[in-house]
1. Mind checking the mean number of beta-carbon atoms from other chains within 10 Å of the Cβ atoms in A:343-356?
2. First measure r as the distance between the Cβ atoms of residue B:213 and residue A:1, then evaluate 1/(1 + (r/R0)^6) with R0 = 56 Å and state the FRET efficiency to the nearest 0.05.
3. Compute the separation of the alpha-carbon centres of the range A:335-360 and the range A:15-66 and state it in Å as a whole number.
4. Which one, B:23, B:96, B:111, has the greatest fluctuation when you compute a Gaussian network model over chain B with C-alpha springs under 10 angstrom?
5. Under a point-charge model restricted to the Cβ atoms of Lys and Arg (+1) and Asp and Glu (-1), what is the dipole moment magnitude of the range A:190-391 relative to its Cα centre, in debye to the nearest 20?
6. Which lysines have a Cα less than 18 Å from the Cα of residue B:124, not counting those fewer than 8 places away in the same chain?
7. Under 8 Å for C-alpha pairs, at least 6 residues apart: give me the relative contact order for chain B, rounded to a whole percent.
8. Counting DSSP beta bridges with both partners in the protein assembly as shown, what percentage is antiparallel, nearest 5?
Amino acid sequence: MLALRLTRGTHPLVLARRLLVAAASAGVGFLLLCTLGYASGHPAQATGSVLRLLWCLVPLAAAVQFAVAVARTDPATRPRPGLFAIGLGPVRLSVLAAVSTAVSTTLGSMVALLLFLHLRGDLTGMPFDGRATELLGAGTPLPLAAALTLLALVPVASVLASALALRARPPVASSPTAPDGAGDPGTSGAPSGLPWGVALTAAGLAVEAYASRGPAGGSPFPLPGRLDATPAGVLAGWTLTAIGLAMAGPGLTYLCGRLLQAVRPGAVRLLAGRVLMDEARRIGRPLGVVCAVLSGVIAAAALYGTGPRPFGPLTALGAALVLGCTTATLLTSALEAKQARARTADALLRMGAPASALRGATAVRAGALLAVFAPLTWTVAQLAALPLTAA
Amino acid sequence: MVAPPDNDVIWARSLHHSHNGSPGLGGVSVGVRDGEILAVTGPRGSGKTTLLHCLSGQLVPQQGEVWYNSVPLHTMGPRLREQLRRDRFAWIAPEPQLVPELTTWENAALPLLLRGTSHRAAKKAALEWLERLDIAALAKKRPHALLQAQRQRVSVARALTASPSVIFADEPTAALHRADRTQLLRTLTTAARSHDITVVLATHDVEVAALADRAVALLDGRRVSTVTLPAVSDTEGRSACSLSV
């Protein structure tokens, strides 16, 4: 009940973030129900159905990542000295976060179910009744247990992930009394994932190039819905590349910060670079994920964008979900970093630091990251698409 | 509008301020002379911090006037007040309020860097002051590796490095033990006197106030001549509090 009471009093922006989580959950739930509808409509094509279900894992992962990021920035679940003093420690707070995540994701799943039934034509009385009966496999009864299981996937995964993520947060005990300026010593030092990330990205690209040499004729890598055989090699290559980019993200961000503050920096460059170095872990991981997703999208557009019917509505929904969730996660992480530095920014303003200097530092950070990650994304995308288009 | 006296560097007249309705200041007038160390004394909650915020241009009082060197602060826009804080004032808070990402000397040099001083000159000035405050050996460490007393000395060094005209120190020694407290205050007052810096020092401590040239006592947001609270009776206020709670 405390979770609901805290929700009622929160700022509209926080509620908007939760609504976005609900929307993401609704999208993923809808995709999962669509695969179920397809499977029950086409019992002969079991392989195609499984393939579709597996493709749904990508938006699912993106939605869960977003839900965790929102739970981390939620002011209701932030460690608070007042609540800590009355016995609401990290454990209870992670329970609170789990409850509010569960509420928003379950809401999304319900909306997905209603929308799905409505578009199938099972619920009538509203516009667009049964407009997509064919696509969603109407006419065959929907297995209830399977539908509920699929709909429960997003809430359960998000709740578990956010509870675990908040449990792992350092205990609040020191923070109410710790003087500011005494930052967490554990966060300093370079992130160590960069070599691994580079190696994995290179390996992924190599695997993909090797696998796509294979059978001549036909698309070497079909999107879901085209019932060719999917070469596992290409998929494994793309996955490896994505994991590699996500691992290299923090290290690259740290390097960006290091370069920014090098060679006699002024106040703006000094602040921008050092903050980037300290926030490398928080910002770098989602940034790497966004980079991987964008490169995937660019490669896919290069591969399939020229065809007569590039992609279907469900593929578009899935792609939009993945893109939206990863971008929103990145923005939420940036917000989390900003919240964590609010007291320092206050102290700087009290000293008379012009607000434009702080904004300038933020702009320099964003510009540096863009300058490094945009070419990287483009290069990886071109390299990923090269063997497939050349074949 | 009355023109302020010439020898006052900061001059405030009948300041009234309330925080969202909670009373803060109720008509405080105060003049700070050039180069003096003025102690603002009073118990917690008597409006010392609010007064310092008003005098340093961080808050605009709801009524009353604040003048700095015959320039009115209460009519200035936020940008001009910001510039004044950057160029002429320095602030020492009860907590060090250092930037955790920067090393000790960078923290001390930050006001100069914000003014656009060259990197080399800022570093030189910061290291000089760190040396005088006996923390030059820690110049390359981050704040989290320092003791609380050392961090507070860094924040004093940051205030002095900027060579301001007025330093506002709001309970600078509240979180320190007595030995650290004495050393910090002695350094601050000595440096202020030798460099002709005006200091406005808010404190609830009588010993600390004794280091100042002059003291202004506040009680419940008003200026009083002496702070005398009712003596504690033997019954611990039992007779006064007859509410049954």
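1. 6
2. 0.45
3. About 41 Å separates the Cα centre of the range A:335-360 from the one of the range A:15-66.
4. B:23
5. 700 debye
6. The qualifying lysines are B:140, B:141.
7. After rounding, I find 29 percent.
8. Around 50 percent antiparallel, to the nearest 5.
The values are calculated or read from the model by the stated rules, or taken from the named source; none is laboratory data. Predicted model only: the values in this text are computed from it and were never measured. Neighbour counts run over all protein chains shown; Cβ positions are idealised from the backbone, glycine included. Calculation scope for accessible area: heavy atoms of the full protein, side chains included, ligands and nucleic acids excluded. Shrake-Rupley method; radii C 1.70, N 1.55, O 1.52, S 1.80 Å.
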